[in-house]
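Asks: Structure below; questions to follow.
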Amino acid sequence: MSFPATRLRRLRRTGALRDLTRETTLSVDDLVLPLFVAPEALPNERLPGLQRHAVDGVVREVEELVRLGVPAVILFGLPEEKDEEGSGAWIEDGIVQRALRALRPRFPELVLMTDVCLCEYTSHGHCGVVDADGHVSNDASVDLLVRTAVSHVDAGADVVCPSDMMDGRIGAVREALPETPIVAYSAKYASSFYGPFRDVADSAPSFGDRRGYQMDPGNVREALRECELDAAEGADVLMVKPALPYLDVLRAVRDRFDLPLAAYNVSGEYAMVKAAAAAGDLDERAAAVESLTSIRRAGADLIFTYWAKEFASWL
Ligand code: PBG
């Protein structure tokens, strides 16, 4: 059947008809808000999703998030001091561990996730330990990442999210934590869209770049291999990161795997819309909702996004 019998505008006539027939929906239930915990707070008026909270401040922030209906947060930490091995990532009184101990008893329903990586904690800013030749050593890094994940769970984390891109880390974390859900940053690209995050997290590498462990932006079959390995090693959720420049990767992973799929709508994606809105070129709310809807349409079940709080307050 074709025109004039078929007229697709019939179902676009009213808002209620459009709502009834929409294929992809967006709900705060599917969003995870990243939070940065640091020895001292650092507000960020331009990018409110990218501010640092002190431990007492993060408790107040989470109170508000819970009231707004945000179901989950992922914690990132800035240590007091950095060293070659990133010991601030796994020590018992590390910043994330302290935040977890403050949050866990107060918010039993909240899903507390943690980012498991060393880059915020190492003096050189790489996601693992650096050997004598200046290379990031895989297996030595995996040992420290496992230690970090275990210390997070000991302090109250519900879910751990390894983001370092070392080989074999999902299997190693799975062996140490048989009962903890793992969100694997499986297809994490060496992206230029992490800029604002690295400023807030103070995690830019002091030499070189991350292309020796994060993925090349040109590859999608390799992303499927990463997902295959992470699924086999015991991941519960696969992730593609960044989101908007990699919607095709999300779709490819969705079509191939039955695991829940996460997307990380990264700091640069958020900052681009904020900057365009501040310049008067875009309506932030409409652009944010459209971005998040696109990520869901491409196949993501859950989205890590700096808009989670703002989105919840718009409802
Ligand atoms: C690594 C990590 C990064 C992000 C999340 N986890 C940065 C990186 O790989 O350099 C970036 C998130 C964002 O840009 O929003 N611990």
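Asks: Is it fair to say Ala99 is closer than 29 Å to Gln214 by Cα, within 16 Å of the chain's Cα centre (by Cα) and modelled with pLDDT of 95 or more?
Replies: no
Asks: Answer yes or no as to whether Gly218 is out of contact with any helix residue (DSSP H, G or I) (no Cβ under 9 Å at 6 or more places or on another chain) and either at positive phi or crowded, with 18+ Cβ neighbours inside 10 Å (or both).
Replies: no
Asks: Still on this structure, I have one more. Answer yes or no as to whether Leu68 is more than 16 Å from the ligand (Cβ to nearest atom), in contact (Cβ under 8 Å) with a residue 12 or more places away in the chain and either in contact with an Asp or Glu (Cβ under 6 Å, 6 or more places away or on another chain) or within 22 Å of Glu269 (Cα to Cα) (or both).
Replies: In short, no.
Asks: Shifting gears a bit: Taking the condition of being among the hydrophobic types (A, V, I, L, M, F, W, C), within 16 Å of the ligand (Cβ to nearest atom) and surrounded by fewer than 18 Cβ atoms within 10 Å (Cβ to Cβ), how many residues in segment 245-294 meet it?
Replies: 2
Asks: Within segment 166-185, can one find any residue that is polar (S, T, N, Q), out of contact with any Leu (no Cβ under 6 Å at 6 or more places or on another chain), farther than 18 Å from Gly86 by Cβ and touching a residue at least 24 places away in the same chain (Cβ under 8 Å)?
Replies: Yes - at least one qualifying residue is present in segment 166-185.
Asks: Need the failing condition index for Asn44 against (1) within 19 Å of Ala277 (Cβ to Cβ); (2) without any contact (Cβ under 8 Å) to a residue 40 or more places away in the chain; (3) touching a Leu at 6+ places or on another chain (Cβ under 9 Å), just the number.
Replies: Against the list (1) within 19 Å of Ala277 (Cβ to Cβ); (2) without any contact (Cβ under 8 Å) to a residue 40 or more places away in the chain; (3) touching a Leu at 6+ places or on another chain (Cβ under 9 Å), Asn44 comes up short only on (2).
Asks: Restricting to segment 197-208, count the residues that are over 14 Å from the mean Cα position of the chain (by Cα) and either more than 7 Å from the ligand (Cβ to nearest atom) or part of a helix (DSSP H, G or I) (or both).
Replies: Summing the residues that are over 14 Å from the mean Cα position of the chain (by Cα) and either more than 7 Å from the ligand (Cβ to nearest atom) or part of a helix (DSSP H, G or I) (or both) in segment 197-208 gives 8.
Asks: List the pairs whose first member sits in segment 204-216 and is more than 12 Å from Met166 (Cα to Cα) and of a type in the set (Asp, Glu), whose second member is in a loop (DSSP other than H, G, I, E, B) and near the ligand (Cβ under 9 Å from one of its atoms), and whose Cβ atoms are under 8 Å apart, counting only residues at least 6 apart or on separate chains?
Replies: Asp209/Ala190; Asp216/Ala190
Asks: While we're looking at this one, here's another question. Just give me the residues in segment 111-132 being surrounded by fewer than 18 Cβ atoms within 10 Å (Cβ to Cβ) and more than 18 Å from Pro162 (Cβ to Cβ), in sequence order.
Replies: Ser123, Asp131, Ala132
Asks: Could you tell me whether segment 175-184 includes any residue that is of a type in the set (S, T, N, Q) and away from the ligand (no atom under 16 Å from the Cβ)?
Replies: Yes, that holds for at least one residue.
Asks: How about segment 273-314: which of its residues are free of Cβ contacts under 8 Å to residues at least 24 places away in the same chain, among the hydrophobic types (A, V, I, L, M, F, W, C) and within 22 Å of Gly195 (Cβ to Cβ)?
Replies: Across segment 273-314, the qualifying residues are Val273, Ala275, Ala276, Ala277, Ala279, Leu282, Ala287, Ala288.
Asks: Are there any pairs, at least 6 apart or on different chains, whose C-beta atoms fall under 6 Å, with the first in segment 78-95 and buried (at least 18 other Cβ atoms within 10 Å of the Cβ) and the second part of a helix (DSSP H, G or I), and if so, which?
Replies: Final answer for the pair search is Pro79/Gly88; Pro79/Ile95; Ala89/Thr148; Trp90/Arg147; Trp90/Thr148; Trp90/Ser151; Gly94/Gly88.
Asks: Also: Kindly evaluate Ala223 against the criterion of being within 18 Å of the chain's Cα centre (by Cα) and more than 11 Å from the ligand (Cβ to nearest atom).
Replies: Against the criterion (within 18 Å of the chain's Cα centre (by Cα) and more than 11 Å from the ligand (Cβ to nearest atom)), Ala223 qualifies.
Asks: Buried (at least 21 other Cβ atoms within 10 Å of the Cβ), in a strand (DSSP E or B) and in contact with a strand residue (DSSP E or B) (Cβ under 8 Å, 6 or more places away or on another chain) - does that describe any residue in segment 140-157?
Replies: No, because not a single residue in segment 140-157 is buried (at least 21 other Cβ atoms within 10 Å of the Cβ), in a strand (DSSP E or B) and in contact with a strand residue (DSSP E or B) (Cβ under 8 Å, 6 or more places away or on another chain).
Asks: Quick check on my filter: what residues within segment 1-30 are hydroxyl-bearing (Ser, Thr, Tyr) and either in contact (Cβ under 8 Å) with a residue 24 or more places away in the chain or closer than 23 Å to Lys309 by Cα (or both)?
Replies: Hits for segment 1-30 are Thr24, Thr25, Ser27.
The values are calculated or read from the model by the stated rules, or taken from the named source; none is laboratory data. All figures in this text were calculated on a predicted structure; none of them were measured in a lab. Because the Cβ atoms are built from the backbone with ideal geometry, glycine has one as well, and the counts that use them run over all protein chains shown.
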